[in-house]
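Enquirer: Shown below is the structure under consideration.
The values are calculated or read from the model by the stated rules, or taken from the named source; none is laboratory data. The structure displayed is predicted, hence computed values, not measured ones. Ideal geometry is used to build each Cβ from the backbone, glycine not excepted, and the neighbour counts take in all protein chains shown. Ligands, DNA and RNA are stripped out before the accessible areas are found, and what is left, the full protein with its side chains, is counted by its heavy atoms. Shrake-Rupley method; radii C 1.70, N 1.55, O 1.52, S 1.80 Å.
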Amino acid sequence: MSMLTPPGMGGKYRITGDVYPRMRRPHRRRRIVLASAAAVVVLGAAGWGTLQLVDVFSGGDDTRKTTAGRQSDCKPAPAASASAAAKPPKPAQVTVNVYNATPRKGLAKATADELKKRGFAIGKIGNAPAAYDKKVPGAGVLLGAPTATKGAFAVLGTQLAGATTKVDARTTADVDLIIGTAFKNLSPKATADAALVALNKPKPAPTRC
């Protein structure tokens, strides 16, 4: 082997003049660099995906916990006390004046007798005043003071379906029932009694969260 033979050539190449063999950089280092870069990209993508999954699942747990907490915090509003709640009067506490605004005779007396059987207090009985005589086309008109709208109208209204209400300037607690031309009969007693029960039944307290 000549002294000019490059190390590692094993005598395969011999330099005999001014032409030297080309020395190429091995490709192994390039492959290592590319493999390292690919590994970094894969690990980065895997880490990002893991963080996304953690956020999703942790967020879902928070939502469920928040919803459950809200449901557990929802409580019925405290019911109003018996003294604070406005209860409608009993039929015996309502005095009814019965007036007939139709051409049919005896209608006011018969209606007043039936109302008395149902527990109402009866006041005056007779023909309707001129302002209403033969001028009530419906089943009847309930006429009273503005305070009657707070209970008396509702209680008496259970006895006559389709009756309208109207207030006047009186200051007394009595209520007028003026029978109209469309009147046939009072509501059946069973129906009126059921309406009275529903009227006195307290409404459920709203849920408060």
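Enquirer: Using the structure shown, list the pairs from Lys116/Lys201; Lys87/Lys134; Lys166/Lys189; Lys87/Lys166 with a Cα-Cα distance above 31 Å, or answer none.
Expert: Lys87/Lys134
Enquirer: So how exposed is Lys134, as accessible area in Å² (1.4 Å probe, rounded to 10)?
Expert: 120 Å²
Enquirer: For Asp193, Asp174, give the ranking by accessible area with the largest first, probe 1.4 Å.
Expert: Order by accessible area, largest first: Asp193, Asp174.
Enquirer: Run the simple label-point estimate for Thr147 and Thr95 please: 7 Å along Cα→C-beta, distance reported in nm.
Expert: It is 1.2 nm.
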